[in-house]
Every structure is written in C-alpha cells, then in structure tokens.
Amino acid sequence: MQEWEQCYEDACQASGVPTDHVRCQAILTLMEGEGLSNYNSLELSGSHYLLFENRLRDVEIKAIFAFMKDRPALQVIDLSCNNIMDAGAQYVVQYLQGNDTLVALALKGNELTDDACRQLCQAIKFNQALKVLDLSHNQLGRKGAEHIAELLESNQGLDDLDMTCTGVDFPGMASICAVMRRNSTLQTLRMSDSVPFQTVEGELGSHLGRMLQFNSTLKSLDISKIKLRDEGLGHMATKLLKFNRSLTSLTISGNQISMEGAAALGELLSNGTVLAHLNVSSNRLCDEGAINLANALVYNSGLESLDVSNCSINDEGLSALADVLTRTSLYRFHAWGNRFGEESTLKFASFERHPFLKDLDFVVTKSDEDNTLRVAATNPI
C-alpha cells in the first residue's frame, strides 16, 4: 500500500522522527491481513511477534489514523501493549469523536496518564455504540478513576470495562463504586491490582457492598489484589446475600482472605446466591476454609466454576471438597498449588468418570514403577 507508506513518511517528517522502515513494514503486513479487509478490525497489539520489538509510538498512531481517515469505519481497535503516550492517544480521541461504529477499543499496557483518560472519556461520554473498553495497565491514578466515574454517570452503551492495574487508590475506587450504584448498563467490571490503600479494609468492603446493593445489572466483577481481607469480604457478602440477584461471576483472588472470609463465602453460597463462577485463588483459606466451602456446596445448585488454587489447603480440606464435588454440577474446578495427600488424591482419581466436571487444572496419574498415585498440573509452566 503506497498510500500507507506515504502517510507514515509524512507523519515522521512532521514529527521530526526518522522513518523506521521495519515498523512501517510490520504495520503494513498486519493491516493487509483479513482483520482490516474483512472485519473492519484494526489489530496492532505490541504482543504480536511482528511488533514485539517494534512497538507502536505516537508517530505511528498519527500515521495510522491519517491512513484510516478515508477508509471504511472500524468496528474493533486493538492497540494494546505498545508505547503510546498521551500525545498519541489524541489521534484515537479524534477518531472516536462522532464515531458510531466502533464496538471495542483496547489500549491496555501503554503509557497513558489521567489526561489521556480524560480526553477518551469525553469523546465517548454519549457514545452508545462502544461496548468494550480496556484501559488496563496504564497509570491513570485517582484523577483517571474520577474521569471514568463521570463517563459511567452519562454513558449508556458500555457494558465491559477493564481498569486493572491503573494505579487507582482508595478514593478513586470509591468514586467508581458510588457511580456504579446508579449505572444500569455495565455488565463486566475489572478493577483489580490497585495501589495499596491506606485505610481500614472494612471501609473498602462497605463501598463495594453498597455498590452491589443498589446495582442490578452488573454480572461480572474482578477485584483481585486490592487487600480486601476478611472484614471487607464480610461486608460485601452481606449485601450480596440480602440484595443482589444479578452478579454471576466474582473474582477475589490475592486478597489476604482467610478461613473467616471463607465462612462468609460459605454463608453466601448456601443461601440462594446466583453466583455461577467464584475465583478465590491465592488466598490463605487453609483446611477450615475449604471445609466451609464444601459444606456450603451441599446446599448450592447454581455454582458452575470454583477456583481455590494456591490457597494453602491440605489433604483434609481437599478431601472435603472432593466429596461434595461428586454431587454438584460444576464443570470447572481448579485447585493446583495446594497440598494433595493420599486421601484426596485417591478421591480425585475417580473424577475421570464425573458426568460434568471436565475442566481441572490438575491430573491424577499412576506411576508405572510402584502403582502409586501422583497429582500433577495439567498445564505446567
């Protein structure tokens, strides 16, 4: 495409940047693929092998959107894992203004700040076409969270938002929770791995709990690695149990939750929750916590997926879970990273014949030498 090469040379010249022919050719190769020609999808993720060592900079973004100006409107833009800064984001913003075709925008893992976030949020404030927005792994901070909160107050189209690892502090997360009480369109929210909060964990749980008390449309919530702890989880579980009938997927991994938090989860699971997917991995549940979950599953018929991997569970807790899983309709159970003993290993060995449970992250094998049973990861790193 001579037109692309000309756009790239013009952008480089205007920006005072030397032309990078390797980057130019890599971008051309990807744009000539079927994504752009057949699906109006611009997929230029820096994780692609052609761009891994030639990640997009602001000058490339300028050239790309100059090239796209007179071409068919895009439906998907993936510019994740590049080196785009606020100056480059302005070209995305300009493309978004007045756009009514784009349904998914991924800017994950760039170098955007709260200013780029402000411009993006203003551009899509009243956009009803855009459904998926991924701003994760950019340092947006508290101000960025406030801009996102303003967006969620007005936007009536977005249903999937990812703001994982964006440097949001406690006040920033509180502003998101407050506006989500009134939001009636967002169905999936990921805001895990935030900065350490200098506050009591129960206060955070209260904000999340009130959000879940009043929101009736959110279906999936990921709040991993926010130091929720037992008290915060207790506040959340209480509100979920009393008021919420919409949340079907909850991820709370890496939140310093212990057996007390597992007891709150047990009460939630045994008393009519609509949760279908629960990920509580990388917490310190221990045997007592696992037994609490196992006892709750006796009275639960809706859970389809449970992840308790890396939860410091020993043979007793794993055995209790194995006993109850034979009587559930779960299709997915992950527990690798715990301490399988002889009893639990023997029980899980029979799971090959389970009518529903087919997605396990571990496998039980028999040694050819001494016929002993061993547990191994299904996808070892």
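The values are calculated or read from the model by the stated rules, or taken from the named source; none is laboratory data. Being a predicted model, the structure only gives us computed values, none of them experimental. Reconstructed Cβ throughout: ideal geometry from the backbone, glycine too, with neighbour counts over all protein chains shown. What goes into the accessible areas is simple: the full protein's heavy atoms, side chains included, and nothing from ligands, DNA or RNA. Shrake-Rupley method; radii C 1.70, N 1.55, O 1.52, S 1.80 Å.
Can you name every residue in segment 149-172 that is farther than 19 Å from V103 by Cβ, crowded, with 24+ Cβ neighbours inside 10 Å and at pLDDT 95 or above? Answer for segment 149-172, where residues must be farther than 19 Å from V103 by Cβ, crowded, with 24+ Cβ neighbours inside 10 Å and at pLDDT 95 or above: just T166.
Just for segment 253-274: of the residues that are touching a helix residue (DSSP H, G or I) at 6+ places or on another chain (Cβ under 7 Å), crowded, with 16+ Cβ neighbours inside 10 Å and in a loop (DSSP other than H, G, I, E, B), which one is modelled with the lowest pLDDT? Residue satisfying both the conditions and the ranking: T273. At least 1 residues being among the acidic types (D, E), open to solvent by 30 Å² or more (accessible area, probe 1.4 Å) and closer than 27 Å to Q139 by Cα is the threshold, and among the strands (runs of 3 or more DSSP E) wholly inside segment 21-112 those reaching it are 41-43, 76-78.
Scanning segment 113-155 for residues that are of a type in the set (A, V, I, L, M, F, W, C), part of a loop (DSSP other than H, G, I, E, B), in contact with a Cys (Cβ under 9 Å, 6 or more places away or on another chain) and within 22 Å of Q75 (Cβ to Cβ) turns up just one, L135.
In a residue-by-residue description of segment 286-309, the property of being free of Cβ contacts under 8 Å to residues at least 40 places away in the same chain and closer than 20 Å to I226 by Cβ applies to at least one position.
Can you tell me which residue in segment 161-176 is farthest from S194 (Cα to Cα), limited to those that are touching a strand residue (DSSP E or B) at 6+ places or on another chain (Cβ under 9 Å) and touching a residue at least 40 places away in the same chain (Cβ under 8 Å)?
Narrowing segment 161-176 to residues touching a strand residue (DSSP E or B) at 6+ places or on another chain (Cβ under 9 Å): 161-164, 176.
This time we only want the ones that are touching a residue at least 40 places away in the same chain (Cβ under 8 Å), so: 162, 164.
Details: D162: 12, T164: 7 Å.
Here the answer is D162.
Is there a residue being β-branched (V, I, T), open to solvent by 60 Å² or more (accessible area, probe 1.4 Å) and out of contact with any Pro (no Cβ under 7 Å at 6 or more places or on another chain) anywhere in segment 280-289?
Taking segment 280-289 first, the residues β-branched (V, I, T) are 280.
Narrowing the set further to residues that are open to solvent by 60 Å² or more (accessible area, probe 1.4 Å) leaves none.
Looking through segment 280-289, none of the residues is β-branched (V, I, T), open to solvent by 60 Å² or more (accessible area, probe 1.4 Å) and out of contact with any Pro (no Cβ under 7 Å at 6 or more places or on another chain).
For D222, the conditions (1) within 28 Å of F362 (Cβ to Cβ); (2) without any contact (Cβ under 8 Å) to a residue 40 or more places away in the chain; (3) charged (D, E, K, R) are fulfilled apart from (2). Can you tell me which of (1) part of a loop (DSSP other than H, G, I, E, B); (2) buried (at least 21 other Cβ atoms within 10 Å of the Cβ); (3) of a type outside the set (D, E) is the one S184 doesn't meet? Among (1) part of a loop (DSSP other than H, G, I, E, B); (2) buried (at least 21 other Cβ atoms within 10 Å of the Cβ); (3) of a type outside the set (D, E), S184 violates only (2). Of all residues in segment 338-369, those being free of Cβ contacts under 8 Å to residues at least 40 places away in the same chain and open to solvent by less than 50 Å² (accessible area, probe 1.4 Å) number 15.
Test T238 against the stated conditions and say whether it is among the polar types (S, T, N, Q) and either over 24 Å from L278 (Cβ atoms) or more than 19 Å from the chain's Cα centre (by Cα) (or both). When the stated conditions are applied, T238 passes them.
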